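Asker: Here it is, the structure, as structure tokens.
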Amino acid sequence: GKVAAEGVVQLPHALGEAWSTPLYADLKASAYSYELDDFYNMSYLQSNSSYADTGGTSGQWNAPTVHAIRTQPTAAAPAPIKRGTLQIIDSFKSPQLGNERKLRIYLPPGYEEDGRKRYPVLYMHDGQNLFDAKTASYGVEWNIDEVADRMIAEGSMQEVIVVGIDNTADRIAEYTPCCDPKYGGGKLNDYAKFIVKTVKPWVDGHYRTLKDRSHTAIMGSSLGGIASVYIGQHYPQVFSMAGGVSSSFWWNESNMVRNAPRLLPVKFYIDAGTAMDGLEATDAFRKAMLRRGYRPGKDFYFYKDEGGIHNEQSWASRVHVPLGWFFGTRRGSAGKAD
């Protein structure tokens, strides 16, 4: 009654094709049965749709035929990827904002192995959306820990600590400079002080961090994207890297586009998807940064995600790009900057 091996079988994308997918198992002498469960037809699965939306088991091409099953000796299965650990700090108080929230802190796989090693730190907003689908606002997480684990294992990224800072009911105000004619806002300066004067000193005091600016980054999405760019712009003595994913550069009639950061010793990353993700405003900010003297691939990176939309699923699919650019090793690459 126990499962000896399981995995996802990759099926062909056209009728008449055949495909084989190996599954590794340490089998003892016995009798075994094979079972093929229902699956997603990725050819028809659109963003935010479900298995039922593609027709379920009656959907197009959703009736595979198993031609053969073969058991043969093989090399040992690849070693499992070492996993980092997640620590949650409850009721972390903000004297600047007069409220409290959780911190969710990812420690890389090697953190407990070498008590002398210190690590770069990435601070991120909307902490409840980063690591666990159960706590994510829309039931989809960024998979930050899984992506970091994989990149570290393959040698394309340094080991880093990620500090996820939960949002609150006052998210719009905390993540925005003053003031949008429709949505208001305007508590970003206090939120920035909370990170710089309260969160970072606490993290540096409780974990083995590399405290200097050259090893400290900040990143977020949507309103958290403009918050990150703004904080990087106003605290270059603290952060040497700032990333805005699907940033809301439309805020306050595109005021941040008109007031793009002057040339600073900060590496800025921005991106946008091509499917209703504010690409026009993001591209306007990109052009403003180039006019300021920022150099693509040197201190500025712009990534256009073909088909990307404004949600965690899209952000999870491309978060390896800013992680690789901020913390990449010589073995890894973030690709080409525009």
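The values are calculated or read from the model by the stated rules, or taken from the named source; none is laboratory data. Note that the coordinates shown come from a computational prediction; the quantities given were computed from them, not determined experimentally. Here the Cβ is made from the backbone with ideal geometry for all residues, glycine too, and neighbour counts use every protein chain on show. Heavy atoms of the whole protein, side chains included, go into the accessibility calculation; ligands, DNA and RNA do not. Shrake-Rupley method; radii C 1.70, N 1.55, O 1.52, S 1.80 Å.
Asker: Out of (1) modelled with pLDDT under 95; (2) at negative phi; (3) among the aliphatic types (A, V, I, L, M), what's the single condition that is false for Met276?
Answerer: The failed condition is (2).
Asker: List the residue pairs whose Cβ atoms are under 6 Å apart, where the first residue sits in region 124-143 and is at pLDDT 95 or above and small (Gly, Ala, Ser), the second is open to solvent by less than 40 Å² (accessible area, probe 1.4 Å) and in a loop (DSSP other than H, G, I, E, B), and the two are 6 or more positions apart or on different chains.
Answerer: Gly127/Asp166
Asker: What's the number of the condition Ile309 fails, among (1) surrounded by 19 or more Cβ atoms within 10 Å (Cβ to Cβ); (2) within 22 Å of the chain's Cα centre (by Cα)?
Answerer: Status for Ile309: all satisfied but (1).
Asker: Okay, moving on. Assess whether Gly155 counts as being over 25 Å from Ser240 (Cα atoms) and surrounded by fewer than 20 Cβ atoms within 10 Å (Cβ to Cβ).
Answerer: Values: over 25 Å from Ser240 (Cα atoms): no; surrounded by fewer than 20 Cβ atoms within 10 Å (Cβ to Cβ): yes.
Against the criterion (over 25 Å from Ser240 (Cα atoms) and surrounded by fewer than 20 Cβ atoms within 10 Å (Cβ to Cβ)), Gly155 does not qualify.
Asker: A further question on this structure: For Val163, all conditions in the list (1) aliphatic (A, V, I, L, M); (2) surrounded by fewer than 16 Cβ atoms within 10 Å (Cβ to Cβ); (3) closer than 26 Å to His234 by Cα hold save one; what is the number of the exception?
Answerer: Val163 satisfies every listed condition except (2).
Asker: Would you list the strands (runs of 3 or more DSSP E) that sit entirely within region 202-291 and hold 3 or more residues that are of a type outside the set (A, V, I, L, M) and touching a residue at least 24 places away in the same chain (Cβ under 8 Å)?
Answerer: Working: elements: 216-221, 241-245, 267-273.
So the answer is 216-221, 267-273.
Asker: Of everything in region 166-181 that's of a type in the set (Asp, Glu) and assigned to a loop (DSSP other than H, G, I, E, B), which residue is surrounded by the most Cβ atoms within 10 Å (Cβ to Cβ)?
Answerer: Our first condition is that a residue be of a type in the set (Asp, Glu); within region 166-181, this holds for 166, 170, 174, 180.
Now restrict to residues that are assigned to a loop (DSSP other than H, G, I, E, B): 166, 170.
Values: Asp166: 20, Asp170: 14.
The selected residue is Asp166.
Asker: What's the number of the condition Val162 fails, among (1) in contact with a helix residue (DSSP H, G or I) (Cβ under 9 Å, 6 or more places away or on another chain); (2) over 20 Å from Leu210 (Cβ atoms)?
Answerer: With respect to (1) in contact with a helix residue (DSSP H, G or I) (Cβ under 9 Å, 6 or more places away or on another chain); (2) over 20 Å from Leu210 (Cβ atoms), Val162 is out only on (2).
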